[in-house]
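Below is one structure, written out as structure tokens; comments come after it.
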Amino acid sequence: MHRSLLAAATVCLSLSAFCQQGTTSPTGSGTTAPPNRIRQTPILGGLGVSCQKANVGVYGNITFFQRHAGVAYGVSTHTLTIDPDGEDLRVYLWLSNLSNQPIEVMMCCGVPLLNAIQVVDASGKRLVSGWERYNKKTKSDPQVCTCSADEIIPPGSCTVVDSGVLNASVPSGYSMPPGTYTIMEDPQPSHALPDGPVYPVMPPKSERLTITIAPETAPPTK
């Protein structure tokens, strides 16, 4: 998240289909400086809540990534162990703004959660999402889409800004068979998919979320 401030741009992806994209147009000059754009993310309307008032039963405990210039993203999920047979691994993306400036977040048809995180398996190998395979690169180019919108996150606020089902491998998530997985910040810029496996450096334990997809229970023997 410490990458340079971006122009008015975001990914364009929905949980069921990819939506129409186009290039951004420059903003006009004015006397008031626009809010910083640390990383563009979509809005989920009524999901925006104070971190102190977060419903742990719904969202789970929040794991925040490293804070940069007063701004930190984080993730949470209502359970750290899920059944692999039909249970969704829904992960929420949070934004904590302790800077002295408002942050503009953007919505574009779906899931910038995938642009903010990376997921590694028990061996430390980074997983490639369906979204990345579709775009042939790890992250999206700066673009806007026909359903884009934005919202200002004021100083001192902390809200949920997105959520997604990570184990929905088609069309956008990850293929996640039973095992242990770690969700952490992805600070890397957009680049082409590597030819071989990638093993990113693990952040401190306090800045990563570990979840387990339990193996299916064998039927009792008679």
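Structure notes:
- Per-residue packing, averaged as other Cβ atoms within 10 Å, sorts the ranges 195-201, 163-169 into the order 163-169, 195-201, beginning with the highest.
- Spatial separation of Cα centroids for region 197-214 and region 165-195, in angstrom: 11
- Cross-link partners for LYS53 among the aspartates and glutamates, with Cα-Cα distance under 19 Å and sequence neighbours closer than 8 places in the same chain left out: ASP162.
- Set of aspartates and glutamates near LYS125 by C-alpha distance (under 19 Å), chain-local residues within fewer than 8 positions excluded: GLU185, ASP186, ASP195, GLU207
Coordinate-derived values only; no laboratory data. Since we're looking at a predicted model, the values are computed, not measured. Cβ: placed from backbone, ideal geometry, glycine included. Neighbour counts: every protein chain shown.
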